[in-house]
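Written below as structure tokens is the structure these notes are about.
The values are calculated or read from the model by the stated rules, or taken from the named source; none is laboratory data. Small disclaimer: the values here were computed from a predicted structure and weren't measured. Glycine also receives a Cβ, built like all others from the backbone with ideal geometry; neighbour counts cover every protein chain displayed. Calculation scope for accessible area: heavy atoms of the full protein, side chains included, ligands and nucleic acids excluded. Shrake-Rupley method; radii C 1.70, N 1.55, O 1.52, S 1.80 Å.
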Amino acid sequence: MHHAKPHLTASLLAALLLAACSSTPEAPAINHPAVASIDKYVVSIPASAQLPYDGAYVAAFGKTMTFAPGSGLTYRGKDAEGRLLFYGIGDRGPNGDSPKAFVGEKSFASKVFPVPGFIPRFAEIVVTPGKGAALTRTVPIGFDSGPASGLPIASGKTGSTGEVALTDKLATLGFDANGIDPESIAIDKDGNLWISDEYGPFLMKLDRNGNVLAKYEPGKGLPAIIGSRQPNRGFEGATVTPSGKIVAVVQSTLDVDGKTKDSATFTRIVELDPKTGTTRQFAYSIDMTHYLKSGDAKLGDIVAIDDTHFALIDQGAGKKGMRNLIVIIDIAGATDISNIQAAGGKALEYATPAELAAVKFVRAQTLLDMRDLGWTPEKTEGLAIVDGKLAVINDNDFGISSSVAGDKGDKMSAYAIRDGKVSDNGRYSLAPNGENTQLWILTLRAPLASYFPK
């Protein structure tokens, strides 16, 4: 699908003149067809929210690692002083890429968890317009059976990624049935929170104290097909519509039978009606003019504008490098693909272009690329609407990066870990990545409805 660039109309030109006259020193007017001005904040993280750390890299990090609240974002409203109130959410906790690891004679993908006892949590963020942004408190997530964990789920269980968790000394950690990897947060009209997850993918309904009230899984409340998500590419975004439906986006193409991640040309958007338990699914087209392989495409957060229109993040490294698009989509008129299959009863991901011609995809219109606005973080992960403006936040991976060096260079895949040691004289390390949490608020030149797909 071609995502068209926004164009200036008479109404947009009028809005441009108005924005230029009302710009402030904190949000100077900029030269962009859709964005009039930007308020940029670095979210301050208090000591109380930092994660205690006494591991192998304490010399590099000190006694704490930084909490990262930018995997998802939702707007809660204003307080009596006019401050903007948000919820942000962190993912499964500090983790670093690492070489494949042997357990016995079998090798598995692995991740290093330097703070393995981390409990996934959401956070309150307060923005004082024109002055600053601060995290004020965090709330850990818990089930009736105990606190949530960021550790992987055991093989054979719903949500397993096939990964082995390692300590920062490369010793094997266990699995956790309460493992979750939260990626977005939204609020319903009753004040409950909805959290999406990459492991399952799962959708979870929480109260404001972090207690999980309901958990939806592939085949148990959610379509079974989405259990074919690529590892760690489950639900990256979720939102609540005005009518109370939950809409979630699968981050990347499904890998059905381990065969379709790079041949499928769409990813799935799932709508859940929690009142009736019914679901619908829609196809979002991958822009193959940008990607070498469709499996490289990544969607991010999503936020409802009304019952059928949404803003979502479409990002990923492609033929010309990284982009971080914000796209306006419309699901009205899109085909419900829940019961549509390819020839031979195969999943729709196997469909030929001729078979897909009968499917009406979600309509999409590119609003902007954050890179054109000077955005430098790799990940644009959280998205919210604030009185017609767009609020965007990044995930800084808890401020850590991982690397390996040895006889085979610096490519992780060239090495293996066995009994806590890296092959080929490899040296594994974690280091601060120097990236903070940024929250930008974008004032548009025209109402969001002006950018709806035509």
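In this structure, does Val270 turn out to be closer than 17 Å to Ala334 by Cα and in contact with a Leu (Cβ under 8 Å, 6 or more places away or on another chain)? It is true that Val270 is closer than 17 Å to Ala334 by Cα and in contact with a Leu (Cβ under 8 Å, 6 or more places away or on another chain). Of all residues in segment 281-297, those that are closer than 24 Å to Asp336 by Cβ have Cβ atoms under 7 Å from Cβ atoms of residues that are of a type in the set (Phe, Trp, Tyr), 6 or more apart or on another chain, in Ala283/Phe266; Ala283/Phe361; Tyr284/Phe266; Tyr284/Phe361; Ser285/Phe266; Ser285/Phe361; Ile286/Phe266; Ala297/Tyr291.
Tally the residues that are under 20 Å from Lys205 (Cβ atoms), open to solvent by 20 Å² or more (accessible area, probe 1.4 Å) and among the aliphatic types (A, V, I, L, M), restricting the search to segment 225-242. Give the derivation first.
Filtering segment 225-242 for residues under 20 Å from Lys205 (Cβ atoms) gives 226-227, 234-242.
Going one step further and asking which of them are open to solvent by 20 Å² or more (accessible area, probe 1.4 Å), we end up with 227, 240, 242.
From what is left, the residues that are among the aliphatic types (A, V, I, L, M) are 240.
The total comes to 1.
Working carefully through the options Ala186, Ala165, Ala177, find the one that is open to solvent by less than 10 Å² (accessible area, probe 1.4 Å) and either at pLDDT below 95 or under 20 Å from Val115 (Cα atoms) (or both). Testing whether each residue is open to solvent by less than 10 Å² (accessible area, probe 1.4 Å) and either at pLDDT below 95 or under 20 Å from Val115 (Cα atoms) (or both) leaves just Ala165. Filter the strands (runs of 3 or more DSSP E) completely within segment 117-230 down to those with at least 1 residues that are of a type in the set (Val, Ile, Thr) and more than 29 Å from Leu390 (Cα to Cα). Per the criteria, 163-166. For first residues located in segment 325-350 and farther than 24 Å from Ala224 by Cα, partners that are open to solvent by 30 Å² or more (accessible area, probe 1.4 Å) and among the hydrophobic types (A, V, I, L, M, F, W, C) and lie 6+ apart or on another chain with Cβ distances below 8 Å form the pairs Ile328/Ile305; Ile328/Phe452; Asp330/Phe452.
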